[in-house]
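The values are calculated or read from the model by the stated rules, or taken from the named source; none is laboratory data. What you are looking at is a predicted structure, and each value in this text was computed from that prediction instead of being measured. Glycine also receives a Cβ, built like all others from the backbone with ideal geometry; neighbour counts cover every protein chain displayed. For the accessible areas, the whole protein counts, side chains as well, though only heavy atoms, and no ligand, DNA or RNA atoms are used. Shrake-Rupley method; radii C 1.70, N 1.55, O 1.52, S 1.80 Å.
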Amino acid sequence: MIRQLAKYKGKLAADGCAVSERIAFLARDDELLSDGPQELVQLGAAILEQLSAVSLVLAPLALPVGDLLIRRAPVGESSFVPRDTETRTFLHDIPFVRLEKGESPDPAALAQLLRRRKGVIVEGVGIVAIGAFTPEQAYIHYCSVFHAALVKYLLDLLHDGFSLAGEDEAFAALRDAWLQPVTLEGVTFADKGVAGREAIYAEIARVGRYTVEKGLVDSAFGNISWREGETIYISQTGAHLDELEGYIDPVPSDNSSTAGVTASSELLAHRRIFEETGARTILHGHPKLAVVISMLCEKSDCSVSDCWRNCPQVRQLEVTPIVAGEIGAGGLAEKVAPVIGERGRALVFGHGVFTLGRDGFAEAFNALVEVENWCRAEYLRRLEKRLQKDV
Amino acid sequence: MNGWHGRLLHVDLSSGVCRYEAIPASWLQSYLGGRGLGVRLLRETYHLDPFAPEMPLVFACGPLGGTSAPTSSRLAVVSRSPLTGTIYDCSAGGRFAHRLKGAGIDALVITGQSAQPTLLRLSPAGATLEPAQKLWGERFHATAAALQSASESVAAIGPAGERGVLFANIMMGEGNSVGRGGLGAVMGNKRLKAIVVSGDQRPTIADPERLQKGRQDMMRLFKASPILFGQLGIAEYGTPTLVDLMTQRRMAPTENFRRTVFEAAANYSGPAIRKAYQSKKDGCFGCPIQCKKSTPQGEHLPEYETVSHFGALNGIADLHSIVKSNTLCNDLGMDTISAAATLSAWGELRGRFPSADEVQKLLLAMALRQGEGESLALGSQRLTRAAGRPEFSMSVKGLELPAYDPRGAYGMALAYCTSNRGGCHLRAYPISHEILRKPVPTDRFSFAGKARIIKIAEDTNATIDSLVACKFSFLGASLEEYGTILSGVTGHDYSPQDLKEIGERIYLTERYYNLANGFSEKDDTLPPRFFSEAGSSGEGIDVPPIDQARFNEERRKYYRIRGLTDDGSFKDPAWLGGQP
């Protein structure tokens, strides 16, 4: 268990969600185990002892978006609903706690919030997230809250501009740290050189790792597949894309075996895309700026209110189509497959990006990077335009 | 009162008196309903023999019954098991549960023993007892056909329940069953052949908007779950979708758990069943998943545990024989897992497992307690003890193990032993994380951290069984969504943590009853085979015997995490008296 704490602490830091020295990770077996700064561990322990959960992580966000969101929130509000569909599906809403300067967080009050939800943002302290069963769950919930907070902040900023003293400087730091273009440095692809099952597994695992290393996928989200003949090799549900060795399911197209029931929840989408396009590979990730940009819609006087699910339009973002649809059997597969073939890429409203490769992963990976970089540039362009209005 | 009706119907079969009684609101709020309420209602009688006339047989609905909460048209039947001697409950879905709640009660409590076979007819207008001599001896399907109308549902026993087969089921007209622990024999001992219920009284809902919000959240999660709504999931193939997976994971119990891979398992996989029987979706009333499967003619097709145990466990590769065995067990009112596992233990005893053609004759003999069937009807533990080979019973606390070999999933190994009703996979359902990767994957070949995970899962599942919801819904959703729904229905605020604490109370109450009835640490263990014999290793998967010292260490951790002494006893002997 102690190894698990170190592992997920390292992943949080590698993902850029938190700073290694300021992460407290705790878990309870028959006794409490911990890793991290003592004052945070003490707070975490005081919270965890009041909950029926195995693990807790507590760490300041690597970016100040949590505090900025709280300070921008209207007086009286104590939670926000994630704007992106993935975290909204799994977290519903995220409570936050305001603290006066110098005020210490109350473990009982935080435990009270965590009796109800998987994570909470505490002003001046950071994100506290729990895992009912494992430290991995606490890590996933931390990442989800971080993702939801960042996406919401970026969207809010685009809508409302800066509203706090010093916010422009805080954003500049955020932009410099996080909103940098993704490069293709250090990535290579075997593509046509891939032959046989073991080589396919190895290539999937390698490219999966790239997606995480390049910040295109938070570790436990996203999925990846390779079609060979009548078999789709696809990452398992809940698999970390940077640790796919042993977690890839071969799924026959005729469903003659159901051993792949543990395959990604997006198996249906991958299948439809393969059927529709004849592609060899598919990548799916949730790069943050693509998620943000996918939700921007200029259409006015529209009767659709649940756009992420029921928008009937295929909007066009430069060369990338945007469609609606929810995860798994929620309709995403039917919407993406018909539109992705032409340019090998598609955005799903508030959710993420699908890209495909005809020969291997090179085309799919490049497309994923291009989409995110284009969305980054577009976001900054729109933000600048929005901020000029305030001048 | 919202959600609950606040009353139960007590039927005393000895005197023929039926009377309504109020249920204290504090009991409903503290135990919810279903399993929890049933366990609370046994507070004064848990020590009685299962066949004592005064031992209650409780049919308890939950606060979500009769609402639009997904998977919640269910009930729990609670009593003491004649097979295991433990406190016992079983959750069952279908219209019977829906109509029982619709009859205007939260629970039906049956005590006493009728002098003659009898039938209970129940509606919002009241209850009547009628003679059932003509139905006594009838199989289940004939009984249901004779009694059930479009506006009524039937729960009845078959010949197995009448004759006291220790793993006799209570069957329900829509194909659901109250299985495993022999509560059909408890009902038969009371000479109650059937219950016919009608009613459409719905509970009031405190906050319909909140209920609807929780419902929508839950449906989104169901759709996001590959196990539920994926192309290979249980909505498509039913639980036999697990056949291929268990084979691939090398943990399908074969030939009385001597091996863990059955080469012919593909004969009865989900796709094989669909192809052979053109199976269609079927399932519990009010459930969006519809994981049951039936033929176009309406014959219910077997679940994963049934196909695997009538298949691999007995070395049978013939799908049609397996389906026939399933249908026959249902008609005779007999649990398929225990029946198949008992046949398998008998097969190992005699040195030959039953053939595909032989099985149905043996099942009939078992249900009617004729010839060889007399000893088979007592279950594998009594059968093998009588033969001087108790190690051949693959059971915990006398309950035969289902089709998940514990050498392939160490959380499952621990959970079989800590389960309050004996060797059951559903009390903590570690298959969800050790195999199906939900809500998060865990290392199936490691005990690390499993003690607390099992404890939390047991508490959670005790709550689910008390709401009463289906455990499969937790392959997508969680207590967060059920907490929202329950709060919306009842108007009382329940957080997921509140619900786990309720589950903990229910679990500990059951353990308290069991310990008071003579169970102890020595019963919280696996058959010796699992500690001494390896499973079927291969294809890069090693299936060694379980390290007994490590198992014992994790079990001790589990006791400590539960707040028990190191040998699994209560630190406070008066603990029960402090509970609501």
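As a ratio to 2.2 N^0.38 Å, the alpha-carbon radius of gyration for chain A is 0.99. Straight-line cross-link reach from residue A:299 at under 17 Å between alpha-carbon atoms covers these aspartates and glutamates, not counting any fewer than eight positions away in the same chain: A:318. With both labels modelled 7 Å from their Cα along Cα-to-Cβ, the residue A:253 to residue A:21 distance reads 5.5 nm. Mean partner shielding of peptide A:121-134, defined as the number of other chain Cβ atoms within 10 Å of each residue Cβ, is 3. Karplus-derived 3J(HN,Hα) values for the stretch B:247-263, using 6.51 cos²θ - 1.76 cosθ + 1.60 with θ = phi - 60°, are 5, 4, 7, 6, 9, 9, x, 10, 6, 6, 6, 6, 10, 10, 9, 10, 4 Hz; glycine and proline are entered as x. Helix content alone sets the calculated 222 nm mean residue ellipticity of the protein assembly as shown: runs of n ≥ 4 DSSP H residues at -39500 (n - 2.57) each, divided across all residues, give -12000 deg cm²/dmol. Under the shape rule built on the C-alpha gyration tensor, where the axes satisfy a ≥ b ≥ c, the stretch B:306-383 is oblate, since a/c reaches at least 1.5 while a/b does not exceed b/c.
Against the criterion of solvent-accessible heavy-atom surface with a 1.4 angstrom probe, B:459, A:301 sort, most first, into A:301, B:459. At a Cβ-Cβ separation cutoff of 4.7 angstrom, cysteine residues of chain B with no neighbouring cysteine are B:18, B:61, B:90, B:291, B:329, B:417, B:424, B:470. Between helix A:197-213 and chain A there is an angle of about 40 degrees, using the helix long axis and the longest principal axis of the Cα atoms. The charge dipole of the stretch B:30-110, taken about its Cα centre with unit charges on the Cβ of Lys, Arg, Asp and Glu (plus for the first two, minus for the last two), comes to roughly 300 debye. Label positions at residue A:387 and residue B:299, each projected 7 Å from the Cα along the C-beta direction, are separated by 7.3 nm.
Buried surface between chains A and B: roughly 4200 Å² of accessible area, summed over both sides, computed with a 1.4 Å probe on protein heavy atoms only. Each Lys and Arg Cβ is given +1 and each Asp and Glu Cβ -1; about its Cα centre, the stretch A:2-178 then shows a dipole of about 400 debye.
Quick one: angle between helix A:135-160 and the longest Cα principal axis of chain A, in degrees between 0 and 90, rounded to 10, please. Once rounded, the angle reads 90 degrees. By a 1.4 Å probe calculation restricted to protein chains, residue B:335 has an accessible surface near 10 Å², given to the nearest 10. Per-peptide packing, taken as the mean over residues of other Cβ atoms within 10 Å, places A:194-200, A:206-212 in the sequence A:206-212, A:194-200 from highest down.
What separates the Cα centres of the stretch A:313-357 and the stretch B:348-375 is a distance of 58 Å. In whole Å, what is the distance between the alpha-carbon centres of the stretch A:183-224 and the stretch B:379-430? One Cα centre to the other: 43 Å. For the stretch A:182-222, the share of accessible area belonging to carbon and sulfur comes to 52 percent (1.4 Å probe, ligands and nucleic acids excluded). Peptide packing for B:171-179, B:559-567, B:398-406 was compared via the average number of neighbouring C-beta atoms within 10 Å per residue; ordered from the highest value, the list is B:398-406, B:171-179, B:559-567. The C-alpha atoms of chain A define a longest principal axis, and helix A:361-390 lies at about 50 degrees to it. Classify the stretch A:98-165 as rounded, prolate or oblate from the Cα gyration tensor: take a ≥ b ≥ c as the square roots of its eigenvalues, call it rounded if a/c is under 1.5, otherwise prolate when a/b beats b/c and oblate if not. It is oblate, given that a/c is not under 1.5 and a/b is not larger than b/c. Overall form of the stretch A:191-387: prolate. Here a/c, set by the Cα gyration tensor axes a ≥ b ≥ c, is 1.5 or more, and a/b is the larger of a/b and b/c.
Filter B:134/B:292; B:455/B:571; B:213/B:280; A:9/A:118; B:438/B:557; A:9/A:101 down to the pairs with a C-alpha to C-alpha distance above 21 Å, please. Exceeds cut-off: B:134/B:292; B:213/B:280; B:438/B:557; A:9/A:101.
Take the Cβ-Cβ distance between residue B:361 and residue B:492 as r, set R0 to 45 Å, and report the resulting FRET efficiency rounded to the nearest 0.05.
0.25
Summarising the label geometry, the points placed 7 Å from Cα in the beta-carbon direction at residue B:141 and residue B:374 lie 3.0 nm from one another. Between the alpha-carbon centres of the stretch B:108-185 and the stretch B:287-326 there is a gap of 23 Å.
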